[in-house]
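Right, one structure below, let's go through it.
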Amino acid sequence: MEPRITIITLGVRDLHTSLRFYCDGLHLPVREQYPEAVFFRFAGVTLGLYPRHLLAKDANVSPEGSGFAGVTLAHNVRSREEVHRVLDEARAAGGTIVQVPRVAEWGGYSGYFADPDGHLWEVAYTPDGSIE
């Protein structure tokens, strides 16, 4: 397998609520929108939103489940101040702050928010200033 990820799809309970969170709240531009799916273009990858039960059906697994799923998404920013700004933006959009910004064990500065479906996002500033 080549080391490449092209699309990350999040299973969501309510597509309209998630669309408002990501589009209106976090101001992500919609790349494509269909009745049951929405896609946002990020640098090098596409983020998709799709009804959780339909995504589970497509993968032939149960849509039930709760708690930590063992996956987080990360968004690197250019400064400590931007970590706070993005977390504030997520909170204002209806997200939940699950870890306030702090100096991380690995030397950076980060915090976490959960989207309306509980998907975890880390917002991080790295000491070398890398945003990739």
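Values quoted throughout were computed directly from the atomic coordinates according to the rules given, and no laboratory measurement underlies them. Everything numeric here is computed off the predicted structure, so don't read it as measured data. When we count neighbours, we look across all protein chains shown, and the Cβ atoms used for this are built from the backbone with ideal geometry, even at glycine.
Observations on the model:
- In this calculation the C-beta distance from Met1 to Val45 is compared with R0 = 22 Å, giving a FRET efficiency of 0.85.
- Overall form of region 15-55 per C-alpha gyration tensor (a/c, 1.5; a/b vs b/c): oblate
- Recomputing percent of Cα pairs over 27 Å apart from the coordinates shown identifies the correct label among [x] 25; [y] 57; [z] 21 as [z].
- Cα principal axis extents for region 72-125, largest first, Å: 29, 19, 15
- For the chain, DSSP calls about 60 percent of its internal beta bridges antiparallel.
- Within region 65-91: backbone nitrogen closer than 20 Å to the Val103 label point (7 Å, Cα to C-beta): 77-85
- Placing dummy labels 7 Å off each Cα toward the beta-carbon, the span from Val71 to Arg20 is 2.5 nm.
- Shape category assigned to region 30-90 from the gyration tensor of Cα positions, a/c cut at 1.5: oblate
- In degrees, nearest ten, helix 80-92 long axis to first principal axis of the chain (Cα): 40
- Between Leu120, Leu54, Leu87, the residue with the greatest mean-square fluctuation in the GNM of the chain (Cα pairs under 10 Å linked by springs) is Leu54.
- When the chain is treated as a GNM with alpha-carbon contacts under 10 Å, the residue of Val86, Val77, Val45 showing the greatest mean-square fluctuation is Val45.
- Backbone N under 15 Å from the Ile8 label point (7 Å along Cα→Cβ), restricted to region 44-59: 44-50
- Qualifying trypsin sites (Lys or Arg not before Pro) for region 19-86 [loop in DSSP, other Cβ within 10 Å: at most 13]: Arg78
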